[in-house]
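A short worksheet on the structure shown next.
The values are calculated or read from the model by the stated rules, or taken from the named source; none is laboratory data. If you're wondering where the values come from, they're calculated on a predicted model, not measured in any experiment. Because the Cβ atoms are built from the backbone with ideal geometry, glycine has one as well, and the counts that use them run over all protein chains shown. These area figures cover heavy atoms from the full protein model, side chains too; ligands, DNA and RNA do not enter into them. Shrake-Rupley method; radii C 1.70, N 1.55, O 1.52, S 1.80 Å.
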Amino acid sequence: MTKRHVSLPDAAEAGVRGFIDEVDERLSSDEDTCEVVRDVLIDLHGDREAWEAWQAGESVSKAERVRLQGYDPCNATLESEYYAEKDEDQFQRSKHLQWLWRQFDATPMADNVEFALRFRSMLADHLFADCGEDCRFFKGITFTYGHNIEVGDNVVVHDDVHLDDRGKLTIGDRASISDGVHVYSHDHDIVDQTEVRNFHTVIEDDARVTYDAMVRAGCKVGANSVVGARAVVQGDVPAHHIVVGMPAKSIRIKPGWESVATDLEDGRLPTRQDEREIAYELDDDLAVFDEFQRDLNPPDVD
């Protein structure tokens, strides 16, 4: 489908370009990332006057103080911050950038497509392990860390997608991920859900993962393949195949690609999750706690 070219009026374009370039330059400098994120969010949320008044010693309500403090990512926690096996050094910067991404999406400007796509693309260059050219990231995308994601050129990720990079996630050139998709790179043990295994999950070039689908950790979605709406991928999708269902099975090969596509017996997807496991070790001095506090031993049977 051919799309129309859309552009902002010249004055608006100059403002957008100037703001994005300024944030990009500050994030690329030696300036403290927490301070950059705080300043950008204060202005995007229109709270500069309230912030300056508070800093000058004026009285603020408890709720207003919490709001103003919350612009600084050092005063916030994310769910992934509690994960024991994360790389602490990498996480500190990615946390700050992820906070900026999420809180930007809470502003009205997140719906200004021309501005928001370019702003998120700039952030992705700083947050991801690698991000290609001409990528489009829409509203409501969430990550585990961000720093374990590699994205190719001309990738599009639509609204409300979760990209789990607790392990590692690679997305190839021209891949398309539709609204509501969840792509995972970690799994929990069936008996003890506090036991986590991390994997490398791959979505190859030109693959499409369509509306509300899920890709399990350690799976590969092959080049030029299609994952149907609300499908649950629990194995490797071969290149050029179309898969649907729960669990997903191949129902056909893309027309014209039959001669180069691999045949699948009964349409079942092969499982190679173990080959993509990412081993990790926890620090010996780590203070471990079980948030569930359950007895996992099976009951005695007389």
Please verify whether residue 184 is aromatic (Phe, Trp, Tyr) and either buried (at least 19 other Cβ atoms within 10 Å of the Cβ) or in contact with a Lys or Arg (Cβ under 6 Å, 6 or more places away or on another chain) (or both), treating the condition exactly as stated.
yes
Please work out which residue is nearest to residue 184 (Cα to Cα), limiting yourself to the stretch 44-81 and to residues that are under 18 Å from the mean Cα position of the chain (by Cα) and part of a loop (DSSP other than H, G, I, E, B).
78
Consider residue 63 carefully, then state whether it is open to solvent by 50 Å² or more (accessible area, probe 1.4 Å), aliphatic (A, V, I, L, M) and without any contact (Cβ under 8 Å) to a residue 12 or more places away in the chain.
yes
Somewhere in the stretch 126-141, is a residue touching a residue at least 12 places away in the same chain (Cβ under 8 Å), in a helix (DSSP H, G or I) and open to solvent by 10 Å² or more (accessible area, probe 1.4 Å)?
yes
Looking at 215, 221, which is the one that is closer than 28 Å to residue 159 by Cα, in contact with an Asp or Glu (Cβ under 7 Å, 6 or more places away or on another chain) and not aromatic (Phe, Trp, Tyr)?
221
Pairing a residue in the stretch 251-273 that is within 25 Å of residue 185 (Cα to Cα) with any residue that is open to solvent by 100 Å² or more (accessible area, probe 1.4 Å), where Cβ atoms lie under 7 Å and the two sit 6 or more apart in sequence or on different chains, gives 267/251
Is there a residue being assigned to a loop (DSSP other than H, G, I, E, B), closer than 23 Å to residue 15 by Cα and open to solvent by 20 Å² or more (accessible area, probe 1.4 Å) anywhere in the stretch 109-123?
yes
Can you tell me which residue within the stretch 187-245, out of those that are at pLDDT below 95 and not in a strand (DSSP E or B), is surrounded by the fewest Cβ atoms within 10 Å (Cβ to Cβ)?
190
Going through the stretch 263-302 one residue at a time, which ones are under 26 Å from the mean Cα position of the chain (by Cα) and part of a helix (DSSP H, G or I)?
273, 274, 275, 276
Hey, residue 251 hits all of (1) out of contact with any Leu (no Cβ under 9 Å at 6 or more places or on another chain); (2) in a loop (DSSP other than H, G, I, E, B); (3) more than 26 Å from residue 153 (Cα to Cα); (4) modelled with pLDDT of 95 or more but one; which does it fall short on?
(2)
Quick one: in the stretch 82-108, of everything that is outside any loop (DSSP other than H, G, I, E, B) and hydrophobic (A, V, I, L, M, F, W, C), which residue is modelled with the lowest pLDDT?
91
Taking the stretch 1-37, which residues are assigned to a helix (DSSP H, G or I) and either farther than 17 Å from residue 120 by Cα or in contact with a Gly (Cβ under 8 Å, 6 or more places away or on another chain) (or both)?
10, 11, 12, 14, 34, 35
Every residue from the stretch 150-178 that is of a type outside the set (S, T, N, Q) and open to solvent by 60 Å² or more (accessible area, probe 1.4 Å):
150, 153, 160, 168, 174
